[in-house]
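The values are calculated or read from the model by the stated rules, or taken from the named source; none is laboratory data. Note that this is a predicted model, so its numbers are computed, not measured. Backbone-built Cβ (ideal geometry, glycine too); neighbour counts: all protein chains shown. In case anyone asks, the SASA skips ligands and DNA or RNA and just uses the protein heavy atoms, side chains included. Shrake-Rupley method; radii C 1.70, N 1.55, O 1.52, S 1.80 Å.
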Amino acid sequence: MALKILLIEDNPDHIEITKRILRKTSEDYQLDSAMDSREGLKMIFEGSYDAVLCDYRLPDSTALDVLKEINNKNKKVPFIVVTALGNEKVAVDMMKEGAYDYIVKDVLYSDALDMVIKKAIDRYRVNKEKERLEKEVIKAYRELKETQGQLIQAEKLSAVGQLASGVAHEVRNPLGIILQGVNYLEKKISAKETDIYEILIMLKDNVKRADKIVNALLDFSRAASLDLKPEDVNSILEVSISLVRTRFKFENIDVIMETKQDMPSALADKNKLEQVFINLLLNAIQAMPAGGKIIIRTYDKILEEIKKGIGRREDDCFRVGEKAIIIEIEDTGSGISEENLKKIFDPFFTTKGPAGGAGLGLSVTQNIINEHKGFISVESQIGKGTKLTVILHAAEDVLKREG
Amino acid sequence: MDKKKILIIDDEEGFTKMVKLNLEETGEYTVKIENNSNNAFMAAKEFKPDLILLDIMMPGMDGGDVASELKSDNALKDIPVVFLTAIVKEGEIDGSIGGHPFIAKPVSAEDLVKHIKKYIAK
């Protein structure tokens, strides 16, 4: 294929000379020309040239102005400056601006032109490839970091899971003994021994309390098998909101609903999803101690952009072209610092202090969404608020895929 | 009325002792304890219980192994086996493990009797 070259030059003789020189080379060159910078720039932006030769002195400006305009528009093209004899200093300055090479209009012009053009094109191609590879390396590094993060998270959860099962077994057995013992003593004491009776009641209550803690730990560590059915996320949201409605009033929080009507069904476990929404709503409430707004949005969307978890591979959570059900819960609260954002889904991470909770809410939430093979992400700005986005599969897509 | 015979197989000695005290206190049951799961089969053969309470996580043979062994014997295969477990909570897996009902620990004496009555009646 011919190499397309643009020559910006106001001297017709020089254009003719350049044409002849290039015709004599073994390369198939196609030379277009422009007489001034205005015409030249128009041709550069509208056409696709393999290289641009530009005389330094033009009737309406200089090659430096042309180059600056190209850079401003972020157009990439190998740019070679043609200078009159003795203007090499200018040419070197231009190279600092991003010109690929320079060539002097002297006796060597005809011998050097072919080589200079080819060298500039080669350098341009190498640079382009280098940029592409650099981008790929950065992308691969980012993906690696993300995978590493996920692995650490999975490992943590697996460790917590094993710990929870161990704790359940080791704590519930002694609880069983205490409870049976208390039950036996209850029958053995006489009705007038009220003090002892009270102590036994207290023991029983505390057995229940310890058992509840173990249950919570187990719930956290393993997402019990999901009961996935086509569900209307708007209805599930309504139930979740009704359960925390009194808190909204008490904490002076306005709820703004921007839900889409006639949403396609999501494939979801109703009870688990309810738990997710309640967790997210409670977190939003806690982020606004002085009141504020919670905006709840739902919509569906065909996924088009390839990004983390969305692609064409077998192991991607979502495929390009698939329909996603999206739920956003946004607050106008204090926001979360960048450092804390990284840890927000970690088990036992909390900023609420000892009275605020165990730091399992968002971790449980993420576990549940992962079990749905969905996505949860967070965006936050200090002083402005936080938005949590949950992406679920549309039931029709999954059912179609699974036949 | 004849007392019903309950065999409890569990390595937790404290637990088996308390269960025996509570069940026998009702006057309706005779309870035999076996804390070593490896001896469970022989204990069942000798005692001929009306119901077996069987722990799942035990050193040596676990509850699942013991249940299979009991099922393989013609004289024992129809005795109702109820698992006792500290690993699941009540209602978590539809009340059945490998076809046998289960009782989640910790369980009160009152609830235990209710469960036993229900499963013996079946």
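Tabulated values for the structure
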item: Amide proton proximity set for B:Leu51, modelled H, under 5 Å, gap of 5+; result: B:Lys5, B:Leu7
item: Shielding by other protein chains, A:63-74, mean Cβ within 10 Å; result: 0
item: Per-residue HN-Hα couplings for region A:68-75 [Karplus 6.51, -1.76, 1.60; θ = phi - 60°; Hz; x = Gly/Pro]; result: 4, 5, 4, 5, 4, 7, 6, 8
item: Inter-probe distance in nm under a simple model that places probes 7 Å from Cα toward Cβ, at A:Lys89 and A:Arg132; result: 4.1 nm
item: Whole-Hz ³J(HN,Hα) from phi, Karplus 6.51 cos²θ - 1.76 cosθ + 1.60, for region A:109-119, glycine and proline x; result: 3, 5, 6, 8, 3, 4, 5, 4, 4, 4, 4
item: Fraction of beta bridges assigned by DSSP in region B:4-121 that are antiparallel (%, nearest 5); result: 10 percent
item: Threshold 30 Å², region B:1-40 residues less accessible with all protein chains present than alone (1.4 Å probe); result: B:Glu12, B:Phe15, B:Met18, B:Leu21, B:Asn22, B:Glu25
item: Accessible area per residue in Å² at 1.4 Å probe, computed on chain B; result: 48 Å²
item: For chain A, built as a Gaussian network whose Cα springs stay under 10 Å, the top-fluctuating residue of A:Glu328, A:Glu305, A:Glu97; result: A:Glu97
item: Share antiparallel - DSSP beta bridges, chain A, percent rounded to 5; result: 55 percent
item: Cα coordinate range in region A:51-189, projected on the principal axes (Å, largest first); result: 119, 29, 20
item: Cβ-based charge dipole, region A:30-125, positive-most Cα from A:Pro59, A:Ala34, A:Ala91; result: A:Ala91
item: Nearest-20 debye value, region B:4-121 charge dipole, Cβ charges on Lys, Arg, Asp, Glu; result: 360 debye
item: Descending principal axes extents, region B:4-121, alpha-carbon based, whole Å; result: 32, 32, 28
item: Cα→Cβ-extended label distance, 7 Å offset, between B:Thr30 and A:Arg245, nm; result: 6.1 nm
item: Karplus-derived 3J(HN,Hα), 6.51/-1.76/1.60, for each residue of region A:232-238, Hz, glycine and proline x; result: 8, 5, 4, 5, 5, 4, 4
item: Rg(Cα)/(2.2 N^0.38 Å) for region A:25-119, N = residue count; result: 1.02
item: Nearest-ten-degree value, helix A:270-286 long axis tilted from longest Cα axis of chain A; result: 80 degrees
item: Residues of region A:172-200 buried by at least 10 Å² on assembly (accessible area, 1.4 Å probe, chain alone as reference); result: A:Arg172, A:Asn173, A:Gly176, A:Ile177, A:Leu179, A:Gln180, A:Gly181, A:Asn183, A:Tyr184, A:Lys187, A:Lys188
item: The protein assembly as shown, dipole about Cα centre (Lys/Arg Cβ +1, Asp/Glu Cβ -1), debye to the nearest 20; result: 580 debye
item: Region B:1-73 versus region A:362-381: alpha-carbon centroid distance in Å; result: 45 Å
item: Computed helical MRE - 222 nm, the protein assembly as shown, DSSP H runs ≥ 4 contributing -39500 (n - 2.57), nearest 500; result: -16000 deg cm²/dmol
item: Whole-Å distance, taken between Cα centres, linking region A:178-199 and region A:31-96; result: 98 Å
item: Interface B:A - total buried accessible surface [probe 1.4 Å, Å², rounded to 100]; result: 1900 Å²
item: Ordering of A:136-148, A:65-77 by packing [mean C-beta count within 10 Å, highest first]; result: A:65-77, A:136-148
item: Accessible carbon and sulfur surface of the protein assembly as shown relative to its total accessible area, %, 1.4 Å; result: 52 percent
item: Cut-off under 5 Å, modelled amide H: who pairs with A:Thr259 long-range; result: A:Thr298
item: Solvent-accessible heavy-atom area per residue, rounded to whole Å², over chain A at 1.4 Å; result: 57 Å²
item: Neighbouring partner chain Cβ atoms per residue of B:99-108, average, 10 Å criterion; result: 5
